[in-house]
Amino acid sequence: MPEPAAAEAPSRYRVDVPLRWSDMDAYGHVNNVQFLRLLEDARVIGFEQWFGQDRSVLSEGILVARHEIEYVAPLLFRIAPIVVEMWATRLGGAGFDLAYEVRDSGDPDSTVYARAETTLVLYDFEASKPRRMDASLRDVLEQHSGEPVAFRWRRR
């Protein structure tokens, strides 16, 4: 009897995100607040790739409920883009967590500048309440799922 085909392993999504001159602070490195904008840029690009033409799963409403970020190394301004790796971690009934690593390149040994996690809630703006995650959204997120962020406080 033939063995069942192995399911495709979930993977981290990688996106190049350019730095902007305005991201820099007086010390010549990317300001801590700007990191959240870089993560948002990665999320927008990633969701376009993940969901393609079927953006209705997100366009019906989605809110950021929480951000957590750990700065690992100073990121000096440069022309070359940084790489943001992004993957889903927790999938709930009406929301999910996205994990990120902000890196120098796609090389796993490259410098990590920050680790972060965002909780997103699917939201029905007409009813003013969270809405349930449908199967198509869950399927896409499962294709890009992985372990929770390895924050320092979790490693203690």
Unmet criterion (only one of (1) closer than 25 Å to N32 by Cβ; (2) among the acidic types (D, E); (3) touching a residue at least 12 places away in the same chain (Cβ under 8 Å)) for E142: (1)
Among (1) touching a Ser or Thr at 6+ places or on another chain (Cβ under 8 Å); (2) hydrophobic (A, V, I, L, M, F, W, C); (3) surrounded by fewer than 16 Cβ atoms within 10 Å (Cβ to Cβ) - the single one L39 does not satisfy: (3)
Taking the options Y100, Y13, name whichever one is at pLDDT 95 or above and closer than 21 Å to R138 by Cβ. Y100
Looking at the range 11-31, I want the residues that are surrounded by 12 or more Cβ atoms within 10 Å (Cβ to Cβ) and have a partner that is among the small types (G, A, S) with Cβ atoms under 7 Å, at least 6 apart or on another chain. Which pairs are those? R12/G146; Y13/G46; R14/G106; V15/A42; V15/G46; V17/A42
Among the residues of the range 45-81 satisfying the criterion of being among the β-branched types (V, I, T) and in contact with a Leu (Cβ under 9 Å, 6 or more places away or on another chain), which is modelled with the highest pLDDT? I69
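The values are calculated or read from the model by the stated rules, or taken from the named source; none is laboratory data. All values derive from a computational prediction rather than experimental measurement. We place every Cβ from the backbone using ideal geometry, glycine too, and count neighbours over all the protein chains shown.
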